[in-house]
Amino acid sequence: MAASKYQAPRGTFDILPDAARIRARIERTAAEIFVRAGYEPVSTPAFEDTELFERGVGRSTDIVRKEMFTFEDKGGRSITLRPEGTAPICRAYLEHGMHKLAQPVKLFYAGPFFRHERPQAGRYRQFHQLGLEAIGTDSPLADAEAIMLLAELLAELGVPGVQLRLGSLGSPDARRDYLEELKAHLRAHEAELSKDVRERIELNPLRAFDSSDEGTRGVMENAPTIVERLNEEDAAHFAEVCSLLDASGIDYEIDPTLVRGLDYYTRTIFSFVCSELGAQSEVGGGGRYDGLIEQLGGPPTPAIGWAAGVERIMLALGEKAEATDRDAFVAVADDGQRQRALALTGELRHAGLAVEVDLAGRSLKGQLKHADRIRARRAVILEADGTMQLRDMQTGDQHPVEPGAVADELSK
Ligand code: HAM
């Protein structure tokens, strides 16, 4: 085996054809669902000015404090590989005057993101997200629609054991009193908290709900929750989101302790977790970020969105991710038929079928073995006398087929 001393950097990985094929299918399925719902594709650069994330994601978050790949470019500007997609899309929304378009502007995206995290199953330093954002509406209808689309995507892909957790963080003004109450609770139990949580009582008290530290968890069991303290308007907004999900038959569980790792969230937040995943159990999540665009210097613009992790979807799918995706393999029983085989392959591809032909001069037995390996559903076998057989690769059943009828038979 040819080996080199060079390897993909820690926490990153090569995407080889088997995995690339599954990814392409996931992205295609997502794009179909999004386009049907009127969302449009968008793509932003892989790096941005560091300040965009400091302001957008928040200086008190783990992402900004510890996880960004930040460097100086040759002009001395601080650049960061994007750790997430929402702040860049809001930057693009403002930069291109999208507030002048009919609102909400509905966008979707897919691509690589970068976080300097401790690598483990489901957590990488370069990973891939697909997600959507509906910018320019505060209607609970947009919250419900966004959640429904992620539910639909996970269902369509066949992700097993999915559960939706739903919460609300209220609006920032209303949250202020609650945060003071929470800080007082944390301060009263300071000695029992982990160092990390203790250090962030003032900066980011909500993160205490997310801690895996035993002492902190004990303190949080009796902590007041934001869902109990929502003001009238925020509570009405949250109740409406819940009732819209009920009406659409989406199952969820209200989780008053739900928090997220980014500072921009307001009101609705949600998380889709999967029982098939270990510690990194969230396949996707998001929420409302009504203050972000203003935070970036734009006019007040409410918005909602989410992102899902492509690697986590693949882990959750496990074996189910494997798809048979070749309609047929064209084999020859006699070398004299190779020219015809290639021409037939071209015709079948032209008819929209996924077809391969032997390119390695294998024997018929070798060709059928190869057809099996590439998971072709059927084999078309060209006999020495010019007749053709159609073979079902699963059952081994074989019957003669007229040359003109091959494409129709394969489409069945
Ligand atoms: P997030 O929760 O940080 O949200 O990431 C979204 C998803 O990306 C997670 O649910 C997870 O599946 C995946 N993910 C995150 N970090 C990693 C990692 N290190 N390795 C593998 N997968 C990972 C956001 O990024 C928000 N921008 C979502 C959003 C959009 N909110 C509103 N609009």
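The values are calculated or read from the model by the stated rules, or taken from the named source; none is laboratory data. Quick caveat: nothing in here was measured; it's all calculated off a predicted structure. In this analysis, Cβ positions are derived from the backbone assuming ideal geometry, glycine residues included, and neighbour counts consider all displayed protein chains. Please note that ligands, DNA and RNA were not included when accessible areas were found on the heavy atoms of the full protein model with its side chains. Shrake-Rupley method; radii C 1.70, N 1.55, O 1.52, S 1.80 Å.
Using the Kirkwood radius built from alpha carbon pairs, what does the Stokes-Einstein equation give as D for the range 326-411 at 4 °C and 1.567 mPa s, in µm² per second? The calculation lands on 105 µm²/s.
Dividing the convex hull volume of the alpha carbon atoms of the chain by its residue count gives 201 Å³ per residue. For the range 31-84, the convex hull drawn through the C-alpha positions has a volume of 107 cubic angstrom per residue. The angle separating the long axis of helix 232-247 from the principal Cα axis of greatest extent in the chain is about 20 degrees. Per-residue Karplus couplings for the range 370-380, computed as 6.51 cos²θ - 1.76 cosθ + 1.60 with θ equal to phi - 60°, are listed in order as 5, 4, 5, 4, 8, 6, 6, 6, 9, 10, 9 Hz, Gly and Pro entered as x. Between the range 104-169 and the range 19-92, the C-alpha centres lie 13 angstrom from each other. In the chain, the calculated helix contribution to ellipticity at 222 nm averages -10500 deg cm²/dmol per residue, counting -39,500 (n - 2.57) for every DSSP H run with n ≥ 4. Charging the Cβ of each Asp and Glu at -1 and of each Lys and Arg at +1, and nothing else, the dipole of the chain about its Cα centre rounds to 1420 debye. Just want to confirm a number: the relative contact order over the range 91-218, from Cα pairs under 8 angstrom separated by 6+ residues, in percent. With pairs under 8 Å counted, the relative contact order is 14 percent. Measuring nothing but how far apart in sequence close Cα pairs (under 8 Å, 6+ apart) lie, relative to its length, the chain scores a relative contact order of 16 percent. A simple rule links phi to the HN-Hα coupling: the Karplus curve 6.51 cos²θ - 1.76 cosθ + 1.60 with θ = phi - 60°, which for the range 198-209 gives 4, 5, 10, 4, 6, 6, 8, x, 4, 5, 4, 5 Hz, with x for Gly and Pro. Residues whose amide H comes within less than 5 Å of that of Phe113, counting only those at least five positions distant or on another chain, are Phe127, His128, Gln129 (H built at 1.01 Å from N in the peptide plane). Between Ala384, Ala341, Ser363, the Cα set farthest toward the positive side of the dipole of the range 326-411 (charges on each charged residue's Cβ, about the Cα centre) is that of Ser363. Using a Gaussian network model of the chain in which every pair of alpha carbons under 10 angstrom is joined by a spring, one finds that among Leu292, Leu179, Leu203 the greatest mean-square fluctuation is at Leu203. Cross-link partners of Lys412 among aspartates and glutamates, defined as those whose alpha carbon lies under 20 angstrom from its own and excluding same-chain residues fewer than eight positions apart: Asp325, Asp327, Glu347, Glu356, Asp372, Asp392, Asp397, Glu402. DSSP finds beta bridges in the range 326-411, and of those with both partners inside it, around 50 percent are antiparallel. The residues of the chain expose on average 50 square angstrom of accessible surface per residue, using a 1.4 Å probe on protein heavy atoms.
Take the Cβ-Cβ distance between Thr70 and Arg123 as r, set R0 to 25 Å, and report the resulting FRET efficiency rounded to the nearest 0.05. So, using R0 = 25 Å, E works out to roughly 0.80. With θ taken as phi - 60° and the Karplus curve 6.51 cos²θ - 1.76 cosθ + 1.60 applied, the whole-hertz 3J(HN,Hα) list for the range 310-322 is 5, 5, 5, 4, 5, 4, 5, 6, x, 4, 5, 5, 5 Hz, x standing for glycine and proline.
The share of accessible area on the chain that comes from carbon and sulfur is 49 percent, using a 1.4 angstrom probe. Computed from the C-beta positions of Glu228 and Leu16, the FRET efficiency with R₀ = 51 Å rounds to 0.55. Mean-square fluctuations from a GNM of the chain, with a 10 angstrom spring cutoff on Cα atoms, peak among Gly278, Gly75, Gly38 at Gly75. Return the single residue from Asp173, Asp138, Asp290 with maximal mean-square fluctuation; model: Gaussian network over the chain, springs between Cα atoms under 10 Å. For the chain, modelled as a Gaussian network with Cα springs under 10 Å, the answer is Asp173.
In a fully extended conformation the segment linking Gln295 and Ala191 would gain 34.0 nm over its present Cα-Cα distance, using 0.36 nm per residue. Between Glu347 and Glu51, residue separation times 0.36 nm minus the direct Cα-Cα distance comes to 101.1 nm. So how far, in whole Å, is the C-alpha centre of the range 220-281 from the one of the range 353-382? A separation of 51 Å, based on Cα centres.
Largest first, the residues His237, His399 sort by 1.4 Å accessible area into His399, His237. Full extension of the segment from Ala405 to Gln339, taken as 0.36 nm per residue of separation minus the current Cα-Cα distance, would add 21.8 nm.
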